[in-house]
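Accompanying notes for the structure given below.
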Amino acid sequence: MEIHPNEVCDKFIAASTVVKGVLWHRALFCSLNMMPPDPTRVLIDNQGVLDLIKSEQINDCTKHIDTKFQHICDCEAMGDIKSEHVSTEHQVADIMTKSLGKKKFLLFRGKIEVKL
């Protein structure tokens, strides 16, 4: 499978933005004495992004990614998050970002428990 550096970069930045929200919520729960005992799972459907998070290595293809987005590697190492692979077929977040067919839309809508 060919990895496209621009796609990895874009999805890495998106994952970094998600992790900022996760950290905010974890801090809120902590202030309410409701800190989750386990790392928050972050589901990512791009193997290149997962490899970059887990390896924490900057190379020629990734050195242009601004350091402000690289905190996600530290969060993984400290145990605040646990990034996991999810296949594109099961990425429920796609309901917010992609035009889906009716069948897939209804399936994902049910998974996020939106009722009409």
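Rule-based calculations on the coordinates, nothing more; no lab input. Note that the coordinates shown come from a computational prediction; the quantities given were computed from them, not determined experimentally.
Can you pick out the pairs among Lys54/Lys103; Lys20/Lys102; Lys11/Lys111; Lys20/Lys98 whose Cα atoms lie more than 27 Å from each other? Lys54/Lys103; Lys20/Lys102, as the Cα separations exceed 27 Å there. For Lys82, the residues whose modelled amide H falls within less than 5 Å of its own, excluding neighbours fewer than 5 places apart on the same chain, are Thr40, Arg41, Val42.
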